[in-house]
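The values are calculated or read from the model by the stated rules, or taken from the named source; none is laboratory data. All values reported here derive from a predicted model rather than from experimental measurement. Methodologically, a virtual Cβ is constructed for each residue, glycine included, from the backbone with ideal geometry; neighbour enumeration extends over all protein chains shown. SASA here: full protein model, heavy atoms, side chains in, ligands and nucleic acids out. Shrake-Rupley method; radii C 1.70, N 1.55, O 1.52, S 1.80 Å.
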Amino acid sequence: MSLDKTYTPQDVEERIYQTWEGSGAFACGQKPGADAYTIVIPPPNVTGSLHMGHALNNTLQDILIRYKRMQGFDVLWQPGTDHAGIATQMVVERQMEAEGKTRHDLGRDKFIERVWKWKGESGGAITRQLRRLGASCDWDRERFTMDEGLSKAVQKVFVELHKAGLIYRDKRLVNWDPKLHTAISDLEVENKEQTGKMWYFKYPVVNSDGSGRPDEFITVGTTRPETMLGDTGVAVHPDDERYKHLVGQMVRLPIVGRLIPIVADAYADPEKGSGAVKITPAHDFNDFEVGRRCKLDIINVLDFNACLNENAPAHLQGMDRFEARDVVVKDMEGLGLLEKIEENPMTIPYGDRSGVVIEPWLLDQWFVDAGKLAVDAIKAVEDGRTTFHPKAYENIYFEWMRNIQPWCVSRQIWWGHQIPAWYGPDGKPFVELSEAEAQAAADAHYGKAVEISRDPDVLDTWFSSALWPFSTLGWPDDTPEVKRYYPTDVLVTGFDIIFFWVARMMMMGLYFMKEVPFKDVYIHALVRDEKGQKMSKSKGNVLDPLELIDQFGSDAVRFTMTSQAVQGRDVKLSTSRIEGYRNFVTKIWNAARYAEMNECKPVVGFDPKSVRLTVNRWIVGKTADAAAKIETAIEGYRFNEAADAGYHFTWGAFCDWYLEFTKPILNGDDEAAKAETRATMAWALDQILLMLHPIMPYVTEELWTQISNRNSMLMLADWPKLKGLDSADAALEMDWVVRLISAVRAVRAEMNIEPKAQLTLLLNGASADTLARLETHRDLIHRLARIATSGALQGEVQKGSVQVVLDEATLVLPLAGVIDVAAERARLEKEIGKLTPEIDKYQKKLSNQGFLAKAPADVVAEQTERLESLKLECGKLEEAFKRLAEL
């Protein structure tokens, strides 16, 4: 069966994926004697759809998995999804809202049943989409963070950490969402830059007996006037000379009338505002810490709806926080205590799900003592048991871990792992694996049978995710999978969840498994648009990976992202770049068709060391070199270098040069040379399919199967072992031919020489070996460089000749009569004249400190890139002009 004229991904990809998955080729455990290699997928939300970040993340994981599978490892790529507590509950609640119902109409148990029903009907979208991408996960082992086994692990961890004193209940500030009525994690807070107001209030200083001091005030600034009702102190810096005499004295809190102390604390910044700061421990995270240090009272003035509660003055109770803000400002103005109002750039926290402003709120919650668990997790990275790639991200990890705060793990929603805690009549918690055990513990504590009630809260989604590397393998049961596949080899993830997920997996893995959960952590950057801007619906620059796959095929999308995955640098994605790599897919297909048309078929038992022709020894060596480069790059997580090596070898050495070099042989009469070249070409093509398969699985699998009607799957073939195939003399000789032809072509392009014009090529100062090479490859050089005659220079260099140095020789190309030198000079001068002012404009802008200070980083980067591009283009034109000036 001959190959189709064109490759159509839409006709191929689904069929190939079904073959892969149906054959069981993705399953682990098929190579019992082999070393294990494990990756756990960062579990996407069960509510999610594939976005470009997912596409990049899972492409890189799949490259590693396919590469290691071909190397002979027993590979496990553990898939699964996250129950995504708040996100999933909101999806189902919106459905019910359309029906005119709330979750409270159903009750907890019925509501949870409904969520499970939704999950069964709609929750598998993202795993189907990952299949479109080509992800070769072990789908038979797919897990869900709420399935029975993982729930068992979550309960055990919570109970054991509580008994060890590492989980406790405390009243602390949390990110409170007053619409969803739950605490949320920092990752679920969306910080928005806005221009708000700073109100400056005067607090009257009083004597020790509470009597006022006429005209003595301390001024404080606030962006949230309503919180002043909960103020319990005013802080000044210990070294601020303006206020030293006031430390320890009292002010009367306006509107409320409460006396509160002036305290010294380094949190107050003498350079900011008045240098004095109102302290509201119940409504600000920093104030909470100041309050603890200075032993201030904690007074909560908001309820769970963010309305003023019973601790506020009567005329404000029940009022919405923003409505109360206006009233407080008017009251202060009426008292003559509003000093001034200023515009104030600020960051406002919003709930990413609810869209409302988040309140720091004082609440009884369950906390993990993250500080103690972090100690071993820090050491594990310090001593190299786990290594970050790029290594710079270790500094971010250390910064977070060394300043870690207690982790609030309770959430006031229904969908999730319900906390295994039951309360006795006096509120004492009993944390056990089951209600029966909690009942027994409570009865023993009180000395009689008592009624207990379960904590209604559920655990933070990140709590179950923190156990992912070992809970998915069957822990807490002592399963064969835990023994074989833990610890895992590498975690591939984004930098934004180093703290939320990576750090917590480190803590939990070390505590419960006594080993790090992964040896390497590869941190990939963000996927941005072609200008380097973050993708967002509001900007209209979002690229949908599924639409791109429909348009260009999965291989082109995967290869584009891989080629852009430079360590530490964001991916700039554009459809034009993807289109370019779709052309690469076409190039590979056309090369295979060319080989097929020339009867180049794989020869059983072919030994690449046996080839004799220089051009064939050359391509064998180039193939071995490319395989080594790709292997080294993948092992070092330099995915872009792997893509570059595969691209340049395939398109350059193989397609552009080898196929052209061997045309005379394939069209000639030397049957032995033909046979060797056909076998070599087929072998080299096979190696290309093997090397590119981890990045471009579909087109390579299709060609592998169709060439010679092979029944074996490429994804299960062995990775190329090509050491010892280099041929130094062949490389020296053929590389010289490539460089010579490239040099002549460059001159033709620079000088704007007509394509049909045949030139003369003369070598000045060439050695006997170089002249021998010219003689050997004269026909090739003449055909590919469009040369009419060539040889050694005799006599002087003619006027009107271009000269190019190539090793010890100088290439001389007489151009008199070939081009109009004056007209070409004028053309080049005009082009240079256009570029020079453009370059000046960008240089002035990029040397302007005001622009650099105000412009977004992506704009500066874009302008810098444009300047470099213009300078490169201008440099080429100037070089060409210089050549002409010498004629």
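Here are some notes:
- Arg825 vs. criteria open to solvent by less than 80 Å² (accessible area, probe 1.4 Å) and within 30 Å of Arg773 (Cβ to Cβ): no
- Tally of residues being open to solvent by less than 20 Å² (accessible area, probe 1.4 Å) and either modelled with pLDDT under 95 or more than 30 Å from Ile634 (Cα to Cα) (or both) across the stretch 674-713: 1
- Only one entry of Val805, Val818 meets the criterion of being closer than 30 Å to Ala768 by Cα and free of Cβ contacts under 8 Å to residues at least 24 places away in the same chain, and that entry is Val805.
- Test: residue in the stretch 556-573 that is on the phi < 0 side of the Ramachandran plot, open to solvent by less than 10 Å² (accessible area, probe 1.4 Å) and among the aromatic types (Phe, Trp, Tyr): yes
- Residues satisfying the stated conditions in the stretch 18-33, i.e. open to solvent by less than 20 Å² (accessible area, probe 1.4 Å) and assigned to a loop (DSSP other than H, G, I, E, B): Ala25, Phe26
- Identity of the residue in the stretch 396-416, among the charged types (D, E, K, R) and open to solvent by 40 Å² or more (accessible area, probe 1.4 Å), that ends up farthest from Met507 (Cα to Cα): Glu399
- Helices (runs of 4 or more DSSP H) within the stretch 76-146 that include 2 or more residues open to solvent by 20 Å² or more (accessible area, probe 1.4 Å) and within 26 Å of Arg411 (Cα to Cα): 85-98, 103-106, 108-122
Each row is one residue, and each column tells you yes or no for (1) aliphatic (A, V, I, L, M); (2) open to solvent by 20 Å² or more (accessible area, probe 1.4 Å).
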position	(1), (2)
Tyr446	no, yes
Ala449	yes, yes
Asp455	no, no
Ser465	no, no
Pro480	no, yes
Leu491	yes, no
Asp496	no, yes
Ala503	yes, no
Val516	yes, no
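- Residue pairs meeting the criteria (Cβ under 9 Å; at least 6 apart or on separate chains; first touching a residue at least 24 places away in the same chain (Cβ under 8 Å) and of a type in the set (A, V, I, L, M), in the stretch 625-639; second surrounded by fewer than 18 Cβ atoms within 10 Å (Cβ to Cβ) and in a helix (DSSP H, G or I)): Ala626/His648
- Selection within the stretch 821-845: residues that are within 48 Å of the chain's Cα centre (by Cα) and without any contact (Cβ under 8 Å) to a residue 12 or more places away in the chain. The member of this set that is nearest to Ser790 (Cα to Cα) is Lys830.
- Residue count, the stretch 858-885 (criterion: open to solvent by 60 Å² or more (accessible area, probe 1.4 Å) and without any contact (Cβ under 8 Å) to a residue 40 or more places away in the chain): 7
- Of all residues assigned to the stretch 812-830, at least one qualifies as being assigned to a helix (DSSP H, G or I) and farther than 30 Å from Asn764 by Cβ.
- Qualifying residue in the stretch 615-622 (condition: free of Cβ contacts under 8 Å to residues at least 12 places away in the same chain and within 43 Å of the chain's Cα centre (by Cα)): no
- Complete set of residues in the stretch 405-446 that are part of a loop (DSSP other than H, G, I, E, B), more than 17 Å from Ser151 (Cβ to Cβ) and charged (D, E, K, R): Asp426, Lys428
- Residue pairs whose Cβ atoms lie under 7 Å apart, sitting 6 or more positions apart in sequence or on different chains, and linking a residue in the stretch 662-681 that is closer than 19 Å to Ala591 by Cβ and in contact (Cβ under 8 Å) with a residue 12 or more places away in the chain to a partner that is of a type in the set (Asp, Glu) and open to solvent by 60 Å² or more (accessible area, probe 1.4 Å), are Pro664/Asp779; Arg678/Glu599.
- Which numbered condition Ile549 fails, given (1) closer than 26 Å to Leu3 by Cβ; (2) among the hydrophobic types (A, V, I, L, M, F, W, C); (3) open to solvent by 10 Å² or more (accessible area, probe 1.4 Å); (4) under 21 Å from the mean Cα position of the chain (by Cα): (3)
- In the stretch 721-767, of all residues being under 42 Å from the mean Cα position of the chain (by Cα) and in a loop (DSSP other than H, G, I, E, B), the one that is farthest from Glu631 (Cα to Cα) corresponds to Ser727.
- The stretch 192-207 residues that are closer than 16 Å to Glu226 by Cβ and open to solvent by 70 Å² or more (accessible area, probe 1.4 Å), paired with ones that are assigned to a strand (DSSP E or B) and not aromatic (Phe, Trp, Tyr) (beta carbon under 8 Å, 6 or more apart): Lys197/Ile341; Lys197/Glu342; Lys197/Glu343; Lys197/Asn344
- Residues in the stretch 314-330 that are open to solvent by less than 70 Å² (accessible area, probe 1.4 Å) and under 11 Å from Glu226 (Cα atoms): Leu316, Met319, Asp320, Arg321, Ala324, Arg325, Val327, Val328, Val329.
- Within the option set Phe606, Phe584, being touching a residue at least 12 places away in the same chain (Cβ under 8 Å) and surrounded by 22 or more Cβ atoms within 10 Å (Cβ to Cβ) holds for one residue only, Phe584.
- A single member of Leu722, Leu716 is open to solvent by 60 Å² or more (accessible area, probe 1.4 Å), under 30 Å from Glu21 (Cα atoms) and hydrophobic (A, V, I, L, M, F, W, C), and it is Leu716.
- Selection status of Phe430, touching a helix residue (DSSP H, G or I) at 6+ places or on another chain (Cβ under 8 Å) and free of Cβ contacts under 8 Å to residues at least 24 places away in the same chain: yes
- If you check His782, His777 for being open to solvent by less than 40 Å² (accessible area, probe 1.4 Å), under 25 Å from Ala743 (Cβ atoms) and free of Cβ contacts under 8 Å to residues at least 24 places away in the same chain, only one passes: His782.
- Scan of the stretch 658-673 for residues that are open to solvent by 30 Å² or more (accessible area, probe 1.4 Å) and part of a helix (DSSP H, G or I), ordered by number: Glu660, Lys663, Pro664, Ile665, Glu671, Ala672
- Output for the stretch 273-297, where each listed residue is touching a residue at least 40 places away in the same chain (Cβ under 8 Å), open to solvent by 20 Å² or more (accessible area, probe 1.4 Å) and of a type in the set (D, E, K, R): Asp284, Asp297
- Criterion (touching a residue at least 24 places away in the same chain (Cβ under 8 Å) and out of contact with any Pro (no Cβ under 6 Å at 6 or more places or on another chain)) met by exactly one of Gly100, Gly107, Gly123: Gly123
- Which numbered condition Thr8 misses (of (1) surrounded by 13 or more Cβ atoms within 10 Å (Cβ to Cβ); (2) over 15 Å from Gly134 (Cβ atoms)): (1)
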